[in-house]
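Some notes on the structure that comes next.
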Amino acid sequence: MLVNGKWTENWHPVQAVDQQGGFVRQTSSFRHWITPDGSAGVTGHEGFKAEPNRYHLYVALICPWACRTLIARKLKGLEDIISVSIVEPFLLNQGWHFGHYPDSTLDDINGAEWIHQIYTKADQHFTGRATVPVLWDKKLKTIVNNESADILRMMNTGFGELASQEIDLYPLEYQSVIDDLNTKIYTNLNNGVYRAGFATTQESYTEAVTEVFNTLTFLEDLLSDQRDFLCGHALTEADVRLFVTLIRFDCAYHGLFKCNLYQLKEFPFLSRYLTRVLNYAGIQDTVNINHIKQGYYSIQALNPTGIVPIGPKL
Ligand SMILES: N[C@@H](CCC(=O)N[C@@H](CS)C(=O)NCC(=O)O)C(=O)O
């Protein structure tokens, strides 16, 4: 991680644990919002007006948090408005790296070799983890936001007329249902699989993995009434946030993170739902199973030999 702008020690997935040895995720530090007129959003300060070619997204295709922002960019028709760089899938000693691995890109905007250099470009005294996604402002040469939940939300409304109005990922009538689902799904599933995988005690692992499967069972029941998406017939933000975890479940979390009570394909309604979302306009383009497997299995603390399993058959 970075301490006062300097890369200090080899990358490790767990740098903070709670009293029971459970994995604690760092809170994001840059929280400005892009808005149609440049006024301030719910956090941060004003000055980030929606403009074509002004903003850039740094992502990793292994990363569920980054991929939820890529999906929103796609669904809201913002591909020509927001440019993207993709890091290599491996978690190396200095974290995320730009290079020539297939389906990765170099950093054409800042010429960085490592993602941590983007953080120090924005704040030369930055202390914290250098995570993706990062939403970069090419005009002010700073980070707008590094919290994927914010970025997903601002892609829906922050770009006003520059974005497609065909889909509303956070429709007024479903906002409270979406908020409730988001809390449950984030805590027990999106972050729950990480809490299982990075637990440092049996107790915290068992607690996390139990919550993972209780939540999958809850969602299987919810979808058993034949609804297409979590809120009914229209895809919303809640589906985007669930999808990125489901698509990684069998190929990464089941094995590496020891979430192995069942495979996702053993849940019939969830499996059909996963295929439905995967086939939704453009979403498949944001999924790269090779990056996902290479990336997760490159985490040395969990897989010291670096061997990537050949299965499962998906
Ligand atoms: N709160 C952040 C979390 C992002 C996050 O943890 N990303 C992981 C990749 S899946 C990362 O970049 N980890 C590098 C690190 O922790 O050093 C978000 O949702 O945007």
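Values in this text are rule-based calculations from the coordinates and carry no lab data. Because the structure is predicted, anything quoted here is derived from the model rather than measured. Note that we place each Cβ from the backbone using ideal geometry, even for glycine, and neighbour counts take in every protein chain shown.
When the residues of segment 122-154 are filtered to those that are part of a helix (DSSP H, G or I) and touching a strand residue (DSSP E or B) at 6+ places or on another chain (Cβ under 8 Å), the one that is farthest from the ligand (Cβ to nearest atom) is Ala122. Evaluated against (1) touching a helix residue (DSSP H, G or I) at 6+ places or on another chain (Cβ under 9 Å); (2) of a type outside the set (Asp, Glu); (3) closer than 30 Å to Ile289 by Cβ, Ser29 falls short on exactly one condition, (3). Name the residues in segment 1-41 that are within 13 Å of the ligand (Cβ to nearest atom), outside any loop (DSSP other than H, G, I, E, B) and more than 20 Å from Ile143 (Cβ to Cβ), would you? Answer for segment 1-41, where residues must be within 13 Å of the ligand (Cβ to nearest atom), outside any loop (DSSP other than H, G, I, E, B) and more than 20 Å from Ile143 (Cβ to Cβ): just Phe23. Could you list, in sequence order, all residues of segment 249-265 that are among the hydrophobic types (A, V, I, L, M, F, W, C), in contact (Cβ under 8 Å) with a residue 60 or more places away in the chain and over 18 Å from Val287 (Cβ atoms)? Phe257, Cys259 - these are the residues of segment 249-265 that are among the hydrophobic types (A, V, I, L, M, F, W, C), in contact (Cβ under 8 Å) with a residue 60 or more places away in the chain and over 18 Å from Val287 (Cβ atoms). Of the set (1) closer than 22 Å to Thr157 by Cβ; (2) within 20 Å of the chain's Cα centre (by Cα); (3) away from the ligand (no atom under 12 Å from the Cβ); (4) not charged (D, E, K, R), all apply to Leu57 but (3). A single entry from Leu314, Leu242, Leu278, Leu246 fulfils the requirement of being within 27 Å of Ala149 (Cβ to Cβ) and in contact (Cβ under 8 Å) with a residue 40 or more places away in the chain: Leu242.
Residue-level check: of (1) of a type outside the set (Ser, Thr, Tyr); (2) buried (at least 23 other Cβ atoms within 10 Å of the Cβ); (3) part of a loop (DSSP other than H, G, I, E, B), Asn260 misses just (2). Go through the residues of segment 155-174 one by one and say whether even a single one is within 17 Å of the chain's Cα centre (by Cα), free of Cβ contacts under 8 Å to residues at least 40 places away in the same chain and assigned to a helix (DSSP H, G or I). No, the conditions are met nowhere in segment 155-174. Once segment 1-33 is narrowed to residues that are free of Cβ contacts under 8 Å to residues at least 40 places away in the same chain and hydrophobic (A, V, I, L, M, F, W, C), the residue that is surrounded by the most Cβ atoms within 10 Å (Cβ to Cβ) is Val24. For segment 182-199, filtered to residues that are in contact (Cβ under 8 Å) with a residue 60 or more places away in the chain and of a type in the set (A, V, I, L, M, F, W, C), the residue that is nearest to Phe243 (Cα to Cα) is Ile185.
Scanning segment 42-54 for residues that are among the hydrophobic types (A, V, I, L, M, F, W, C) and either within 13 Å of the ligand (Cβ to nearest atom) or farther than 15 Å from Leu140 by Cα (or both) yields a single hit, Val42.
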